[in-house]
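Everything below concerns the one structure shown next.
The values are calculated or read from the model by the stated rules, or taken from the named source; none is laboratory data. Given the structure is predicted, the values throughout are model-derived calculations rather than measurements. Glycine gets a Cβ as well: all are built from the backbone with ideal geometry, and neighbour counts include every protein chain shown. Note: areas computed on protein heavy atoms with side chains; ligands, DNA, RNA excluded. Shrake-Rupley method; radii C 1.70, N 1.55, O 1.52, S 1.80 Å.
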Amino acid sequence: MGPMQVPAHFEYERATSVDHALALLAKWGSEARVVAGGHSLIPMMKLRLARPEALVDINDLEELAYVRLDGDVLAVGAMTRHADLLASPLVGEHYPIFHDAERVIADPVVRNRGTVGGSLCQADPSEDLSAAFAAVDAAAVVRGPDGVRRVPVREFHTGPYETVVAPGELLVEVVVPVRPGGGSAYEKVERRVGDWAVAAAGAAVWLAGDTIADAGIGLTAVGAAHFHAPAAEEFLRGSAATDSVLVEAGRIAAERCEPVADQRGPADYKKHLAGELTVRALRRAVARARGVA
Amino acid sequence: MQITVTVNGDEHTADVEPRLLLVHFLRDKLGLTGTHWGCDTSNCGVCVVWLDGTPVKSCTVLAVMADGHTVRTVEGLADGAALDPVQEGFVRCHGLQCGFCTPGMMMTARWLLDHNPDPSEDEIREAISGQSCRCTGYENIVRSVRWAASRGTEVSAS
Ligand SMILES: Cc1cc2nc3c(=O)[nH]c(=O)nc-3n(C[C@H](O)[C@H](O)[C@H](O)COP(=O)(O)OP(=O)(O)OC[C@H]3O[C@@H](n4cnc5c(N)ncnc54)[C@H](O)[C@@H]3O)c2cc1C
Ligand code: FES
Ligand code: FES
């Protein structure tokens, strides 16, 4: 065991409402960081990969912890814990992709604390929810001093560990329209239970009879820009939902990935997985859209 | 800064630095050394305590985050001299060897049984999947939790 690791000194502020959080962020400016579950940020602070002067704790913001249907839009509050997304019957009914993904994110105790908003804002290139929300074409709702703006998740991440959320802003919600005829699924390969992905793929399809009316594909850990595979989606739209079509979509998705070799595997293996997992996720998504899985 | 945390039913007020981790607050400030401290990277689970009724890894929670909140540690499991059935299960079914992982395992097990009084072996293994034991091979931990679930009838009969 190494020596005791604690973060460097910082000031701690507890937000009691979204408005209060925004005021605290404004007060501290770019030296402040929001802390949600802290399961990415606190480890980074221990390692001095992050050294904020102030932390604004948003854990008391119950107003941001919900999963609900607003009309035909599934809305997930930023402070929803992984465990609550996994436990939500609404999510299971409309977008089982999130239950597939949550079952393989970390472990149950970490999932009790880590949040949906923290996952998206951490923007780790291996984050599972980033790929899942990209697959279903969700939108992030961001609040700042000048009001609310809505950013497609497919444009939310601007690079590794970087998002469109500016200092002083807060991600408050993620929204996904619920459309009929849909199915979705998530497939991940990890080295051991609870580990980050070697590679993972999420898929959503909407069928009109045997034709794929619309499709969404998200990828993580494989160097896909914005966790997204637009060319494969384009190929699927209007195609018949046959296995050979799904396989070709996987090939197209993999072709455009640029994974980097690391301790989780060599680049060619990850590229192979990107294709294979896309196909598997598509197969399950189609089966679910047909009501047979 | 000054914080007040309710631990095992008792209010504790202390002056802490914001960077103090909850695990060190419990062990070093309150002397509650039943909660262990291992990997420090939210992987091993020896530091699991309840925060507002939910198991969390206390090496990755700041003590200040618990200000005004409720914590339950392994010291809060027994009711006076009466062991919690989970503790008794670990005694009877040899659920521990060195004991390093045991407090975290028991806190998660107690929570599991509160929410699912009759968990299957798979459900128990899933619940403790974020916690490592280097001694038992998990088999006897699972039996201990099953014993607690059945309060002995099933396991002691076999
Ligand atoms: C052992 C372990 C294993 C893990 N395995 C996986 C895995 O397999 N797959 C996976 O996807 N993830 C994994 N994670 C990450 C886990 O999902 C984290 O909980 C998550 O990435 C961050 O959520 P958080 O709430 O803890 O965020 P925090 O650590 O609190 O914050 C992360 C970042 O987001 C910012 N932030 C948080 N919330 C907001 C908000 N509402 N608005 C603006 N900024 C915000 C913070 O300022 C910080 O920069 C793992 C974590 C651990 C500790
Ligand atoms: S010390 Fe907290 S998980 Fe290992
Ligand atoms: S009993 Fe030794 S680590 Fe579990």
(request) Would you mind stating whether B:D118 is away from ligand 2 (no atom under 16 Å from the Cβ), open to solvent by 20 Å² or more (accessible area, probe 1.4 Å) and more than 24 Å from B:R146 (Cβ to Cβ)? (result) no
(request) Identify the residue in region B:55-89 that is hydroxyl-bearing (S, T, Y) and open to solvent by less than 40 Å² (accessible area, probe 1.4 Å) and, among all such residues, is nearest to the other protein chains (Cβ to nearest Cβ). (result) B:T60
(message) Out of the strands (runs of 3 or more DSSP E) lying entirely within region A:37-134, which hold 1 or more residues that are away from every other protein chain (no Cβ under 14 Å)?
(response) A:67-70, A:73-77
(message) Considering only residues that are facing chain A (nearest Cβ under 10 Å), among the β-branched types (V, I, T) and buried (at least 19 other Cβ atoms within 10 Å of the Cβ), which ones fall in region B:39-48?
(response) B:V48
(message) I need the full set of residues from region B:90-108 which are open to solvent by less than 10 Å² (accessible area, probe 1.4 Å), within 14 Å of chain A (Cβ to nearest Cβ) and near ligand 3 (Cβ under 10 Å from one of its atoms), in order please.
(response) B:G104, B:M105
(message) Out of everything in region A:12-30 that is open to solvent by 80 Å² or more (accessible area, probe 1.4 Å) and not in a loop (DSSP other than H, G, I, E, B), what residue ends up being nearest to the other protein chains (Cβ to nearest Cβ)?
(response) A:K27
(message) Restricting to region A:180-209, and then to whatever is on the phi < 0 side of the Ramachandran plot and either at pLDDT below 95 or within 14 Å of another protein chain (Cβ to nearest Cβ) (or both), can you tell me which residue is farthest from the chain's Cα centre (by Cα)?
(response) A:P180
(message) So B:D79 passes all but one of these: (1) at pLDDT below 95; (2) within 16 Å of ligand 2 (Cβ to nearest atom). Which condition number does it fail?
(response) (2)
